[in-house]
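Shown next, in structure tokens, is the structure this report addresses.
What follows draws every value from the coordinates through simple rules; no lab data is involved. As the structure is a prediction and not an experimental result, all values here were calculated from the model. Cβ atoms come from the backbone with ideal geometry, glycine included; neighbour counts cover every protein chain shown.
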Amino acid sequence: MSPGRERGGCQVSDESILETRGLTKAFGGFTAIKDVDLKVRRHGFHALIGPNGAGKSTFFNLITRFLTPTEGTILYKGQDISRVKAARLPDLGILRSFQISAVFPRLTLLENVRLALQHGKGVSYRFWQNETSLNELNDRAESLLADVGLGGRGAEPAGTLPYGSKRALELATTLAFEPELMLLDEPMAGLGTEDIGRIADLLEKASHGRTILMVEHNMHVVARLCDRITVLARGEVLAEGTYAEVSSDPRVIESYVGRSDAA
Ligand SMILES: Nc1ncnc2c1ncn2[C@@H]1O[C@H](COP(=O)(O)OP(=O)(O)O)[C@@H](O)[C@H]1O
Ligand SMILES: [Mg+2]
């Protein structure tokens, strides 16, 4: 990813779509996230990195409302969402992706995407009972499958897909919701080199016109896709900037010293 404000022909805005202020999470006497101020710019591809135990998952779970903050606020488009229920986030345009369980193995690929389309945007099921609408729904599902490299395979059962393709299918079901903000939790975890390249290509494409916040260990992927990186260590922001900036920061290097997942 080259530095600068342009990404995929789309201007990265200076305006933040997501912002945390003084975000703090304590588990009993242990503070896993301490006073974190973070801004994710609209149409940016932002990575959250840091050594194991830094607090990445905790931070992510606060944003996706799986955990409730001890202190601080989470603002989405200026609205305080720090107490909003997780189930309401998709309606606001926020989608957490790559939870492989979101794929229904006994349904076909087409049925999986169709189901996501039917749930997205609050469209009622009855709308799709009309035949024209049903055809439109199928066309849209086919086109989403094609977008993630699964075109023409709609009739296959999802359960038989190899792992990498399952992740591509899950991306299609996420895109069906037309999210404005996608939250990705280690999208490359468990994938082989070939699948990593393929999923990274898909994410790059999917990121155009959207905002993505991603926790990811694979630094090649982070360097390639992300225009902004926040490094967490011991629950606090250690550094922030482009990949070139943070990877040359002595404090960041120090925080990773002796680790197998070094940047
Ligand atoms: N539910 C919990 N209860 C107590 N401690 C927790 C809990 N979840 C995470 N922690 C602690 O918070 C710290 C940060 O964990 P985590 O957010 O999983 O880090 P990362 O994802 O960066 O590896 C760790 O020390 C971890 O042991
Ligand atoms: Mg984690």
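I'd like the antiparallel share, as a percent to the nearest 5, of DSSP beta bridges with both residues in the chain.
60 percent
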Residue exposure sequence - SER82, SER255 - by fewest surrounding Cβ within 10 Å: SER82, SER255
Sequence-separation-based contact order of the chain, relative, with Cα cut under 8 Å and 6+ spacing, percent: 27 percent
Dipole in debye (nearest 20) - the chain, about Cα centre, beta carbon charges: Lys, Arg +1; Asp, Glu -1: 560 debye
Lys pairs, the chain - Cα-Cα below 14 angstrom, 8 or more residues apart or on other chains: 4
Exposure proxy order (Cβ contacts within 10 Å, fewest to most) of PHE66, PHE30: PHE30, PHE66
Ranked PHE104, PHE177, criterion: other C-beta atoms within 10 Å, fewest first: PHE104, PHE177
Global geometry of segment 26-77, whether rounded, prolate or oblate, following the gyration tensor of its Cα atoms and the 1.5 cut on a/c: oblate
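What 222 nm value per residue comes from the helices of the chain, counting each DSSP H run with n ≥ 4 as -39,500 (n - 2.57) and dividing by all residues, nearest 500 deg cm²/dmol?
Per the formula, -9500 deg cm²/dmol.
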Rel. contact order, % - alpha carbon contacts under 8 angstrom, at least six apart, segment 101-178: 48 percent
Three-way shape call for segment 12-104 based on the alpha-carbon gyration tensor, with the a/c threshold at 1.5: rounded
The chain: C-alpha gyration tensor shape, a/c 1.5 cut-off, then a/b vs b/c: prolate
Span-like helix ranges in the chain, DSSP H, alpha carbon extent 15 angstrom or more, Kyte mean at least -0.5: 109-119, 163-175, 193-206
